[in-house]
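Novice: Before anything else, here's the structure in question.
Derivation of every value follows stated rules applied to the coordinates shown; laboratory data play no part. Just so it is clear, the model here is predicted, and its values are computed rather than measured. Don't worry about glycine lacking a Cβ; one is built from the backbone with ideal geometry, like all the others, and counts go over all protein chains shown.
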Amino acid sequence: MKGIGKYWGYLAFILLIMGWWTRAMGPTALIVVSVLVALYFLFQAPVWCAAINRDGTLCRNNSSGLLLGCSMRQHKFQKLKMTFVRHGWRRMNRGLWASPRECLTTIGAVVAIFSTLAGTVMQMLGMK
Ligand SMILES: [Zn+2]
């Protein structure tokens with residue numbers, strides 16, 4: 001069961017897609033699951049660190065989530081910082097598509113964020 005703890009976000013992601021697909025969940029449930037999935041992909045999913053080393057290569061250490069780096073101090077917040085500086089996204093973008101796993105994580109995060117917004121709009125409009 002220990003392995004599942006690390007990958008619960010993927011299960012939640014599948015649940016989220018099913019929720020939209022089948023319309024079985026109300027907007028509130030969709031928002032809750034979307035936020036959990038977004039947080040998982042941004043801060044907990046197993047991915048490469050992908051911070052940029054001094055020589056311009058990407059760090060291949062394991063890390064948690066798209067926005068946090070590995071345990072090297074310089075890397076830890078490099079990506080988080082990059083999201084706030086000009087041209088940072090372009091540099092960070094390389095790490096987001098480094099391998100199929102990173103692609104999946106990136107797409108998952110984007111879908112979850114849109115899903116959160118869509119759920120919020122639905123709730124504001126009082127749609128079921
Ligand atoms: Zn690193």
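Novice: To the nearest 20 Debye, how big is the dipole of the chain about its Cα centre, given +1 on the beta carbon of each Lys and Arg and -1 on that of each Asp and Glu?
Specialist: Computed about the Cα centre, the dipole is about 380 debye.
Novice: Could I ask something else about it? To the nearest 0.05, what FRET efficiency results for ARG73 and SER99 with a Förster distance of 22 Å applied to their C-beta separation?
Specialist: The calculated FRET efficiency here is 0.35.
Novice: Given a Förster radius of 30 Å and the C-beta distance between PHE114 and ASN62 as r, what FRET efficiency does 1/(1 + (r/R0)^6) yield to the nearest 0.05?
Specialist: My answer for the efficiency is 0.65.
Novice: Using label points projected 7 Å from each Cα along Cα→Cβ, tell me how many nm separate ILE4 and ARG54, to one decimal.
Specialist: Each label point lies 7 Å from its Cα, and together they span 4.6 nm.
Novice: A further question follows. Given labels modelled 7 Å from the Cα in the Cβ direction, how far is it in nm from LEU11 to ILE107?
Specialist: Simple spin-label model gives 2.3 nm for this pair.
Novice: Subtract the Cα-Cα distance of MET127 and THR22 from 0.36 nm times their separation in residues, and report this length gain in nm to one decimal.
Specialist: 36.3 nm
Novice: Same structure again: Can you give the calculated 222 nm mean residue ellipticity of the chain, where each DSSP H run of n ≥ 4 adds -39,500 (n - 2.57) and the sum is split over every residue, rounded to the nearest 500 deg cm²/dmol?
Specialist: -20000 deg cm²/dmol
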